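Here, each number is a calculation from the coordinates, and none is a lab measurement. The model shown is predicted, which means the values in this text are computed figures rather than measured ones. When we count neighbours, we look across all protein chains shown, and the Cβ atoms used for this are built from the backbone with ideal geometry, even at glycine.
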């Protein structure tokens with residue numbers, strides 16, 4: 001690896017990988033937005049990256065008298081190489097010219113910012129590792145953003161299509177905004193023809209009650225583990241999450257048989273019994289860690305002032321633990337809202353479907369695909385909005401119990 005610790009080797013290699021990353025990113029974004037199949041020419045893209053990296057690693061080219069000329073020459077060279085082309089053999093068009101120009105600008109600017117300080121010759125180990133980490137960090141941002149954003153984008157764009165457009169070109173994710181409100185036809189049909197308003201109301205009702213039931217059991221249980229001394233306390237504390245060692249699919253048949261025998265299958269009551277079973281352990285685990293960070297002296301002061309243990313919990317511990325309780329509530333709500341296996345197994349009556357069970361019902365050859373995608377969007381948006389608004393509480397609650405004191 002020592003040979004890589006030369007600026008004239010490391011800079012072109014990093015610029016090469018960065019050029020390929022930029023080219024693929026532009027191709028994916030443009031293909032989704034225009035409907036045209038685009039791809040980068042790896043040879044020309046790699047050549048562009050090597051050229052830019054080699055030039056940018058030499059800091060003397062950034063003198064004011066030379067900077068613009070060097071930038072212009074590299075820009076023209078990359079555009080003429082045309083690294084981004086269509087899959088078809090049609091003549092070069094304005095879209096490809098625009099993308100190649102954009103590719104050249106992004107590559108030159110990003111390379112000049114991240115690689116202009118790379119010495120042309122030997123690099124120290126610290127400098128070498130710093131440039132590698134910087135590249136991997138930027139690549140990671142793009143890669144993981146793509147993993148999250150692309151499926152959601154495809155889901156939303158597909159929900160705005162009609163059946164003829166999907167059959168004509170299933171991979172065309174561009175949108176014709178001239179249709180106006182007709183774009184949202186599948187969403188209107190979702191609520192008018194498939195009763196999705198009832199599914200949302202049922203899921204919201206079940207999720208809220210699951211949160212309430214979970215907190216009613218988890219708060220006193222977590223407080224007892226964190227504060228009180230009793231026989232078996234250590235074993236109980238360490239075995240809280242053992243339920244997650246058994247896959248839920250293994251328990252599916254016994255749960256189905258048991259709920260059928262007791263008449264709880266195909267009922268909201270049955271769902272409200274089984275959902276907290278899956279959420280109470282994780283809520284106990286999260287809350288006990290936070291309760292341990294609350295200073296015992298504060299509670300002891302309350303006890304000395306004549307408060308009962310319950311009053312101490314209600315008036316002192318819970319207000320101090322509010323961020324953690326909010327984060328646990330949000331986490332439990334998301335689990336209950338997104339739960340599918342139990343709802344699919346226990347619910348058969350469409351009037352009692354949760355949102356996930358309703359979306360599964362749309363996965364049929366008789367239902368157009370845009371309705372399935374619209375249902376998926378409707379199921380995703382509420383939890384996404386809740387997460388965005390309450391993310392700071394979730395972050396605080398998840399990290400609160402990591403440090404004791």
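Worth pointing out:
- To the nearest ten degrees, helix 196-227 and the longest principal axis of the Cα atoms of the chain are 70 degrees apart.
- Cα shape, region 282-336, gyration tensor, a/c 1.5 rule: prolate
- Segments 12-20, 341-349 sorted - mean Cβ within 10 Å per residue, highest first: 12-20, 341-349
- Label-to-label distance, nm, for residues given as residue 88 and residue 228 (7 Å Cα→Cβ offset): 7.3 nm
- As a rough guide to protection, the peptides 100-106, 232-238, 167-173, 31-37 ranked by mean Cβ packing within 10 Å, highest first, stand as 100-106, 31-37, 167-173, 232-238.
- Degrees between helix 94-115 axis and first principal axis of the chain (Cα, 0 to 90, nearest 10): 80 degrees
- Calculated [θ] (222 nm, deg cm²/dmol) that DSSP helices of n ≥ 4 give over the chain, each run adding -39,500 (n - 2.57): -23500 deg cm²/dmol
- Spatial offset of region 246-278 relative to region 4-39 amounts to 50 Å, using the alpha carbon center of each.
- Mean Cβ neighbour count within 10 Å, used as a protection proxy, ranking 273-281, 150-158 highest first: 273-281, 150-158
- Helix 322-338 axis, angle to the chain major axis (alpha carbon atoms, nearest 10°): 80 degrees
- Cα gyration tensor shape for region 212-293, rounded if a/c is under 1.5, else prolate or oblate: prolate
- For the pair region 315-369 and region 115-180, the centres of their Cα atoms are 29 angstrom apart.
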